[in-house]
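Data first, discussion second: the structure below is written as structure tokens.
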Amino acid sequence: MAKLKIRENYHQARWDEPIIYELSTPGERGILVPEPEPEIKNKAGDVLLNLPESMCRKEEPNLPEISQKQVLAHYLHLSQETLGSNLNNDISQGTCTMKYNPRINEKLAGLIHHVHPLQDESTMQGLLAINYKFEHFLKEISGMDKFTLQPGGGSHAVYTAASIIRAYHESNGELEQRDEIITTIFSHPCDAATPATAGFKVVTLYPNEETGIPDLEALEEAVSERTAAVFITNPEDTGIYNREIDKFVQTVQNAGALCFYDQANANGMLGITRAREAGFDMCHFNVHKTFGTPHGCSGPGSGALGVREHLVRFLPVPTVEFDGEKYYLDYDKPESIGKVRGFFGVAPVTLKAYSWVMMLGAEGLKEVAEISVLNNNYLQKKVEEIPGVGTWYAEGRRRLEQVRYNWIELEEETGVGTDDIMRRIGDYGIQHYWTSHHPWVVPEPFTLEPCETYSKVDLEEYAAVLKKIAEEARKDSEFVKASPHKCASHNIAKPEELNDPEKWAITWRAYLRKHKK
Amino acid sequence: MKLGFIVNPIAGMGGKVGLKGTDGMEILEKARRLGAYPEAPKKAKKALKLLTPLINDIEILTYPGKMGEDEAIALGFNPKVLGEKKDIVGPDDTEEAARKMLDMDIDLLLFAGGDGTARNIYNVVGDKVPVLGIPAGVKIHSAVYANHPRSAGEVALKYLKGELTRIREAEVMDIDEAAFRKEQVTAKLYGYMKVPFEQQLVQSLKAGRPEEEESARDSIADRVVAEMKPDVLYIIGSGTSTRPIMEKLGLPNTLLGIDIVKNKKIVASDVSEREILEHIEGRKAKIIVTVIGGQGYIFGRGNQQLSGNVIRKIGIDNIRIIATKNKLVSLGGQPILVDTGDDKVNNMFNRYMRVVTSYNEEIIYKVKGL
Ligand SMILES: Cc1ncc(COP(=O)(O)O)c(C=O)c1O
């Protein structure tokens, strides 16, 4: 077996790289686009004149002017200042379900770049078949009756669910009365935010301070004839699984409301338990998490939303159907909420996820869940052995696939808190961790989620680095607080500016306006 | 930059020997006899030590001996010492020191003590200059204190360097110590002082950023006003969270007392329990209250007018609790507390209740009657 090594002598590149606008020299060019040949010019005329006026800029865009070599050097430098997407020890990104995304699937996705969604259906039967079959897998995995793959991410799918709930109550003439949705403080923030965007009021349950999950009694206080639905994650951010979830669902449905299960991250339960058996009306999966396709800058994402029979008529159009001979797009849903995005889904992501499921098979999916949980239990044991680490709630009870830990004790003892430790981790060449969604219900939090693709050595490396930093905090707290020392960039000089609309700048133009007056 | 620096040297002495506070000379004597030794000077030094990088840039104004001079000199500062040296110092000296410093245009007043000390400072300073408390007393209910002495130093340093410019209002609260030692708890909200704001370092009582808290309170007030029904009496509790409700209605507000509103007009200001009972007799009424102080009381701390009798008459279903999300989070999972002195009424509250946290949001939170 591989040997555990803490990379004590790691050092990241530090290029002190200017912003690309600062590298700009007026008149410099990366490529010179050749003028068309005279013959073509004569025939075609000035093609740009055909552009509609409304699409033409009034002024030249402000783009950096820079040579090819400079551009390449610039991006090379920036890339060297990263830890490398998908290839680091990413178990730290709790609630994000970071796992290794097999390269072969990226290759496969490359094969469909020439397909355009406006092509005739008959010319993309393969792609539609993959869509249809992947939907079938999701139906099996969740027990839902039909899925839409249209949403472009998790929150987008949850928003789509909220829109469907609105349509459902409207069709029953109850929308005005049912204006509240219920969620929990440890469910993902989009479970509150997207229904609010869809026009609902939000009622949030606070957990019982011992069990870490809301009491049924709290739910009963929240449920009324005003309840439209509950939006809930389980296990919640804490990693604690609510074993009474079916009773929650019953209570809500008895009041005439619907239940949406946020299964963005289903890594702890694939092939083990299903939304249907708990009684849910709908659920969603983040395809770019659970189903092995990349996140973030390697994205794009995809959010698959599934519903039970009584909600199918509200799904976005088109859905992908099969008439026994060919696959086709069905737009015939008079009660559909309409489109939430172009076309029928993020085709390359669906393809990669389909391939991922096919490679694993039903047994493999179950094994994903088992290994994720096993990895998590092992890591939890290792991490909780570190003096200064605590785990709020449900002491002694195992978490599912992730754990929200805290550094309360270490912070009290040394003044070194979770943000300090997070920055120091980068000095060992591994990814800093995810603290918590806001508000920080658990103080000094950090959340780890070791998915199935990490080895025992990866887990041990992470725990060993945390342990080492806790020791450093006791020996020299100022050193840890001043970290990182070996990363591409240091502390943010004025963190409060990140909170200040007068100061933050996410574009060059905003930077000039706010800081170079 | 001018820094006022006041240490209440006897703060905290009672705690170590099991007394509940050190306010009152008799108690102090008793504490001494029980073997208490001064804690506050050590803690004050811990905080002031963080300001040594500014040793040449700030002028420290302080009081003689253990009230600040000794601590500052021990750290190598060269403070300007006001007032006369005395053997025994008390609350009057704290107030006198604050008054002199105020006259000399200090930029920040850093003081060490407990709730009693905060009250003394408040009596003189009010909201005239920013202050910051170094927690050294037995009772720290006031939100003007940093989490620990070290963080008081860190916040002061950043403030004096101009890195922190934001200010928030923080509660000055105190418990009646004579009653407290007899196991009766009556706390009072005395007022608010201005405190430099730094998310992580100041008492977690209200950990939200000032703008965020302000807009949350504003949004809560919109909800409360929108829910107001004709001819119902609204009994508006004390605190900064209820203030925006009155502002929105264009009505005068009693920050530290109870006002009554009907049909968006003021019915009575700063009412007593008896007056409330008179007003609600035979009428429909609702109470709007917020969580006061760090321990999460909605009744029984700072609003004794809203007695068990009043609550009984109005009914628990007519109580609307309001609080920003951050304020609830800062309770650290502890329930919201009710201590009306009436067991039956307290017991009614052992349940989950809705708390309005913004225009569109409520949180279901556990309430506990003592
Ligand atoms: C439980 C849960 N729900 C929803 C989401 C939102 O997904 P996305 O980031 O794709 O919008 C996430 C992702 O962070 C999540 O963890």
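The values are calculated or read from the model by the stated rules, or taken from the named source; none is laboratory data. Everything numeric here is computed off the predicted structure, so don't read it as measured data. Reconstructed Cβ throughout: ideal geometry from the backbone, glycine too, with neighbour counts over all protein chains shown. Heads up: the accessible areas ignore ligands, DNA and RNA and are worked out on the full protein's heavy atoms, side chains in. Shrake-Rupley method; radii C 1.70, N 1.55, O 1.52, S 1.80 Å.
Yes or no, residue by residue, for (1) closer than 22 Å to B:Gly137 by Cβ; (2) in a helix (DSSP H, G or I); (3) in contact (Cβ under 8 Å) with a residue 60 or more places away in the chain; (4) assigned by TED's automatic domain parsing to the domain that holds B:Val195:
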residue	(1), (2), (3), (4)
B:Ala11	yes, no, yes, yes
B:Phe77	no, no, no, yes
B:Leu110	yes, no, yes, yes
B:Gly116	yes, yes, yes, yes
Check: Taking the stated definitions as given, is A:Val441 in a loop (DSSP other than H, G, I, E, B) and under 26 Å from the mean Cα position of the chain (by Cα)?
Finding: yes
Next item on the list: Report yes if some residue within the stretch A:221-238 is closer than 26 Å to A:Val373 by Cα, open to solvent by 30 Å² or more (accessible area, probe 1.4 Å) and modelled with pLDDT of 95 or more; otherwise report no.
Entry: no
Checklist line | Members of the stretch A:176-202 found to be without any contact (Cβ under 8 Å) to a residue 40 or more places away in the chain and more than 20 Å from the chain's Cα centre (by Cα), listed by number | finding: A:Glu176, A:Ala198, A:Gly199, A:Phe200, A:Lys201, A:Val202
Notebook entry, point to check: Which one of the conditions (1) touching a Gly at 6+ places or on another chain (Cβ under 8 Å); (2) open to solvent by 40 Å² or more (accessible area, probe 1.4 Å); (3) of a type in the set (Gly, Ala, Ser); (4) modelled with pLDDT of 90 or more does A:Ser85 fail to meet, given that it meets all the rest?
Noted result: (4)
Check: Tally time: how many residues in the stretch A:314-340 are open to solvent by 50 Å² or more (accessible area, probe 1.4 Å) and in contact with a Lys or Arg (Cβ under 6 Å, 6 or more places away or on another chain)?
Finding: 1
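Here's the yes/no breakdown for (1) crowded, with 20+ Cβ neighbours inside 10 Å; (2) within 29 Å of A:His11 (Cβ to Cβ):
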position	(1), (2)
A:Val403	yes, no
A:Asn406	yes, no
A:Glu411	yes, yes
A:Ile421	yes, yes
A:Tyr428	yes, yes
A:Pro439	no, no
Margin query: Considering only the stretch A:129-138, I want to know if a residue exists there that is free of Cβ contacts under 8 Å to residues at least 60 places away in the same chain, in a helix (DSSP H, G or I) and within 14 Å of another protein chain (Cβ to nearest Cβ).
Written below: no
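May I ask you to verify whether A:Thr160 is under 18 Å from the mean Cα position of the chain (by Cα) and under 30 Å from A:Ser436 (Cβ atoms)? Before you say what the answer is, go through the steps one by one.
Details: under 18 Å from the mean Cα position of the chain (by Cα): yes; under 30 Å from A:Ser436 (Cβ atoms): yes.
Considered against the rule, which asks whether it is under 18 Å from the mean Cα position of the chain (by Cα) and under 30 Å from A:Ser436 (Cβ atoms), A:Thr160 comes out as yes.
Would you check which residues across the stretch B:153-175 are more than 14 Å from the chain's Cα centre (by Cα), more than 22 Å from B:Asp105 (Cβ to Cβ) and either buried (at least 24 other Cβ atoms within 10 Å of the Cβ) or not assigned by TED's automatic domain parsing to the domain that holds B:Ile55 (or both) and list them? Walk me through it before giving the result.
Quick first cut of the stretch B:153-175, residues more than 14 Å from the chain's Cα centre (by Cα) only: B:153-167.
Narrowing further to those that are more than 22 Å from B:Asp105 (Cβ to Cβ): B:153-154.
Across the stretch B:153-175, the qualifying residue is only B:Gly153.
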Next item on the list: Keeping to the stretch B:275-298, report how many residues are modelled with pLDDT of 90 or more, under 26 Å from the mean Cα position of the chain (by Cα) and more than 14 Å from B:Thr242 (Cβ to Cβ).
Entry: 1
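Restricting to the stretch A:178-192, name every residue that is more than 9 Å from chain B (Cβ to nearest Cβ), open to solvent by 20 Å² or more (accessible area, probe 1.4 Å) and under 22 Å from A:Gly239 (Cβ atoms).
A:His188, A:Pro189
Residue-wise test of (1) out of contact with any Gly (no Cβ under 8 Å at 6 or more places or on another chain); (2) open to solvent by 50 Å² or more (accessible area, probe 1.4 Å); (3) under 30 Å from A:Asn377 (Cα atoms).
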residue	(1), (2), (3)
A:Phe446	no, no, yes
A:Glu452	yes, no, yes
A:Ala463	yes, no, yes
A:Leu466	yes, no, yes
A:Glu472	yes, no, yes
A:Asp476	yes, yes, no
A:Asn499	yes, yes, no
A:Trp504	yes, yes, no
Notebook entry, point to check: Can you pull out the residues in the stretch B:133-148 that are over 9 Å from the mean Cα position of the chain (by Cα), in a loop (DSSP other than H, G, I, E, B) and of a type outside the set (Val, Ile, Thr)?
Noted result: B:Ala136, B:Gly137, B:Lys139, B:Asn147, B:His148
Note to self: Take residues that are of a type in the set (A, V, I, L, M, F, W, C) and within 16 Å of the ligand (Cβ to nearest atom) and tell me which of the strands (runs of 3 or more DSSP E) falling wholly in the stretch A:157-256 contain 3 or more.
What the structure shows: A:227-233
Margin query: Among the residues in the stretch A:276-288, are any more than 16 Å from the ligand (Cβ to nearest atom), open to solvent by 30 Å² or more (accessible area, probe 1.4 Å) and not aromatic (Phe, Trp, Tyr)?
Written below: yes
Checklist line | All positions within the stretch A:88-109 that are within 16 Å of the ligand (Cβ to nearest atom) and open to solvent by 30 Å² or more (accessible area, probe 1.4 Å) | finding: A:Gln93, A:Cys96, A:Met98
